[in-house]
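Data block below; observations after.
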């Protein structure tokens, strides 16, 4: 039996999310339908029109000095990467064959804004000498690369809410091309602050269900009114099948392919017909050697915005045709909120677990499916799925479309 | 201020900024090689020391402060001069 050269497999998972501090507790929370959305308690909240968000369930368990020199977005990436690395069995790998690819949509914005206050209030001598490495968008990738001595390349795709998925796609390319044997890949975001919240609110992108946080994120529902801003990180250890086999690693799934496209339509609004997203889905299938009827489950991008969810449904119909009728679709953002640049990475973790456990967590808060959403969205009860291919969509401001394809 | 008071104050700063065990912060230790205080954290140590001891430590003088003892002597002299 011959095998495609450089097949890429998933051998480790890590995550810290608004639902749980690690993969196991997050997954258990999703299956139990637990929402990570809550009323924010910061003192600046009252001046904003949006009072809700999805902060981490568990504060990052790092030492004081680490916390002082790493922005929160770097801390979360490190927490998820450590879990994924341990989960992969702390692989013995030549540092020159190890890559780190960690995306972030916004980077160290908490440091940027906090240190600007320091500059204005106390002067330049009080600005932290760590401020530049903490605010740079490649900070999370650099942190993970240093922590695990990744010398094959450290990369930080920046494509807004598609960043985490694009990082995984980039890592797949590296491994397929033979530029590394293992890649630590994912996304991180920590941007719950008055300025990003105010900005997203000005775009009319956020839910204003301030009085009912747990029901605010309602993808595909008729009553959806925007996304809920969350924070977190997700990391996968990706490895060539050959390397994984040689070290006897436990294999969760195969990262069979990925597709990337761009709308070039509007900086923030989705192309209404979903043509760009459909091209990413088709490209992912092609990259994976799959056909539409192979697909059993899709973890949708579906952030709970009125325009975005409809455009994605149209994209999926355009890409999969009649085969879409038997595909179980969910949006875990109904519980996690929208983790921006980490979303695609934590949802890749959820896809791998859905594939492995043949179970899809139900989309919560789906009381009445929007008439324009022609999808089989699993709601109320989790659903068993047959074995097959699983897709994860991620789209970002800037018109970025990414689709990842996993198989057993 | 006595050398031992300055040493104790500096040890507290090193613990806060770089996680150095105060028992390790003795006069003979070098910041970089012995205490693993990198060049960025060293800037934080200097700024905190300026604030704590009410002295000025110009950037061009920081390079000459190799050991904890160097810093203690510098701060003592600068304090007297001030």
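In Å, what Rg and Dmax follow from the Cα atoms of segment A:321-371?
Expressed in Å, the Cα Rg and Dmax of segment A:321-371 come to 12.3, 32.
Once you order the gyration tensor axes a ≥ b ≥ c over the Cα atoms, which shape class does segment A:98-164 get: rounded for a/c under 1.5, otherwise prolate or oblate by comparing a/b with b/c?
Oblate, because a/c is 1.5 or more while a/b does not exceed b/c.
In bins 10 Å wide, starting from 0, what share of all Cα pairs of the protein assembly as shown does each bin hold, as a percent?
Calculated over all Cα pairs of the protein assembly as shown, the distribution is 4, 20, 28, 22, 13, 8, 4, 1, 0 percent.
Hey, what's the per residue convex hull volume over the C-alpha atoms of segment A:174-266, in cubic angstrom?
Taking the convex hull of the Cα positions in segment A:174-266, it is 185 Å³ per residue.
Based on the mean of other beta carbon atoms within 10 Å per residue, what is the order of A:154-163, A:214-223, B:29-38, most packed first?
A:154-163, A:214-223, B:29-38
Out of every Cα pair in segment B:3-81, what percent are spaced more than 16 Å from each other?
Result for the distance tail: 40 percent.
Between rounded, prolate and oblate, where does segment A:268-390 land on the alpha carbon gyration tensor, with a ≥ b ≥ c its root eigenvalues, rounded for a/c under 1.5, else prolate if a/b exceeds b/c?
Cα axes put segment A:268-390 in the rounded bin.
What does the structure give for B:9-16 when I average, per residue, the other chain Cβ atoms found within 10 Å of the residue Cβ?
1
A short reminder: the numbers here are calculations on the coordinates, not readings from a lab. Here the structure is a predicted model, which is why all the values come from computation and not from measurement. Using ideal geometry, Cβ is built from the backbone for each residue, glycine included, and neighbour counts are taken over all protein chains shown.
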